[in-house]
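The values are calculated or read from the model by the stated rules, or taken from the named source; none is laboratory data. The structure displayed is predicted, hence computed values, not measured ones. No Cβ is skipped: glycine too gets one built from the backbone with ideal geometry, and neighbour counts run over all protein chains shown.
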Amino acid sequence: MTLSTMLFNFIALLSLLLTTTHSYPASFEDTISTNSINSTLISTNVANSTLVPRYYSVGDQRDGSAAFGPWPFDVVDEVNGNQAPIYYCYEGADAILHLPLIFVDIFAKWERAVRLSALSFRPDPSCNGILECGCSDSACRPDTLRIKAIHDGGSYATGGYNYASNTPGRHYLGLQWSDPQYEENRAQMVFTGTHEMGHVIGLHHEHQRPDRDYEVEFRCDNLWGYAKAFNKVVDARQDPLSPIQLPDCNFPKWLTDEECMLQEVCKFPGYQDIFPEAYPYITGNYLEKFEGFVYPQARLDTSSIMIYNSYINTNWNYEGFPDPEFPDGAVLVGVNSDHTLYEILTGGNKDPAKRVVSDGDVSRVVQLYPKGN
């Protein structure tokens, strides 16, 4: 082999190595699972907020300086990695009988975040590893997450770890029950439970970030209940003795009834008696309970498991009709930098069965629950 041939082969090999090293992965998941070197780099980048630093969540404090924060470390180990388990139990016969298999799938949805972080989900220590663990007031830890089956009303959950209280049962997750023998019901329950577990972990709605309106149009007049609320506003403004008061619509300048709805009732807290459906869309800068919550100076994560999709809570959604052609009738509309519009899909998919936690969700979990090694 001549010297020129050897030099040519060396340059070709070097070029190949450089190309491989600097190529960007097709997906976050593929890189984590197939390349250990890149996996380490990506894990570090996620923890340092350089990969996909998109979230709206509790802050990082575990010292009680904030009322709510990430769950505490059960074991702090810089060598073998920290451990921050969320202990759980099932409250009530219905929950014990029906929910454990649903939550196996819910925990699996968060597995990607668990693998890269100190977070884990474990039955309360009193359960001795039994997955169908019932809550016992005398035996369970006071901070254990209590999971309930909800037959009347929607799902709900506490947000993060409550450092301001030692009251037993202060952490809870209620999952709206539907018969899981129907696949669509099971898929919806798993998706809803995955979203609510995001709240328990400490994540909140991306669409309630204080900077939402820079990237997302909130079309309040497409919300279910808007017409009913509008009529309440009209009646109240025509009746000087009405118990409903709307002074901000009259001073310093008089607003029309429609302006009153869009500029006041849809935007600020304090109008829940008039329009409760708008409350989950009010941005966190107007809500005291979000004090101390943090978000980066980066784009909203519009594929997060923690964002509402464009058509949730619309008239179409509640009436059971298929969504109209986007953006007609949408409540949340994504706006690109070139002003084109796009549909927001919770978990990146219209199908509840195919929704997953996003790279941004994983990123913030790793930041909140660093392994330490």
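Here are some notes:
- Residue satisfying all of: in region 314-373; in contact with a strand residue (DSSP E or B) (Cβ under 9 Å, 6 or more places away or on another chain) and aromatic (F, W, Y); surrounded by the fewest Cβ atoms within 10 Å (Cβ to Cβ) among these: Y342
- Residues in region 148-185 that are over 19 Å from the mean Cα position of the chain (by Cα) and closer than 26 Å to P85 by Cα: K148, A149, I150, Y163, A164, S165, N166, T167, P168, G169, R170, W177.
- Scan of region 89-115 for residues that are in contact (Cβ under 8 Å) with a residue 40 or more places away in the chain, out of contact with any Lys or Arg (no Cβ under 9 Å at 6 or more places or on another chain), within 22 Å of D152 (Cβ to Cβ) and not aromatic (F, W, Y), ordered by number: H98, I106
- Qualifying residue in region 100-117 (condition: among the hydrophobic types (A, V, I, L, M, F, W, C), buried (at least 20 other Cβ atoms within 10 Å of the Cβ) and closer than 24 Å to F290 by Cα): yes
- Hits in region 214-239 - residues which are surrounded by fewer than 19 Cβ atoms within 10 Å (Cβ to Cβ) and among the polar types (S, T, N, Q): N231, Q238
- Within region 178-202, residues that are in contact (Cβ under 8 Å) with a residue 40 or more places away in the chain sit with their Cβ atoms under 6 Å from residues that are among the acidic types (D, E) and assigned to a helix (DSSP H, G or I), at 6+ positions apart or across chains, in these pairs: V190/D105.
- Residue that is farthest from D211 (Cα to Cα), among those in region 266-281 that are touching a helix residue (DSSP H, G or I) at 6+ places or on another chain (Cβ under 7 Å) and not in a helix (DSSP H, G or I): I274
- Only one of S33, S15 that is of a type in the set (G, A, S), closer than 21 Å to V366 by Cα, in a helix (DSSP H, G or I) and at pLDDT below 50: S33
- Going through (1) at pLDDT 95 or above; (2) surrounded by fewer than 16 Cβ atoms within 10 Å (Cβ to Cβ) one by one, I147 falls short only on (2).
- Candidates are the residues of region 55-111 that are aromatic (F, W, Y), modelled with pLDDT of 95 or more and part of a loop (DSSP other than H, G, I, E, B); the one that is nearest to G360 (Cα to Cα) is W110.
- Within region 235-255, the residues that satisfy the criterion of being in a helix (DSSP H, G or I), over 35 Å from the mean Cα position of the chain (by Cα) and not polar (S, T, N, Q) are D235, A236, R237.
- Of all the criteria given as (1) of a type in the set (A, V, I, L, M, F, W, C); (2) in contact with a strand residue (DSSP E or B) (Cβ under 7 Å, 6 or more places away or on another chain); (3) assigned to a helix (DSSP H, G or I), the one not satisfied by L300 is (3).
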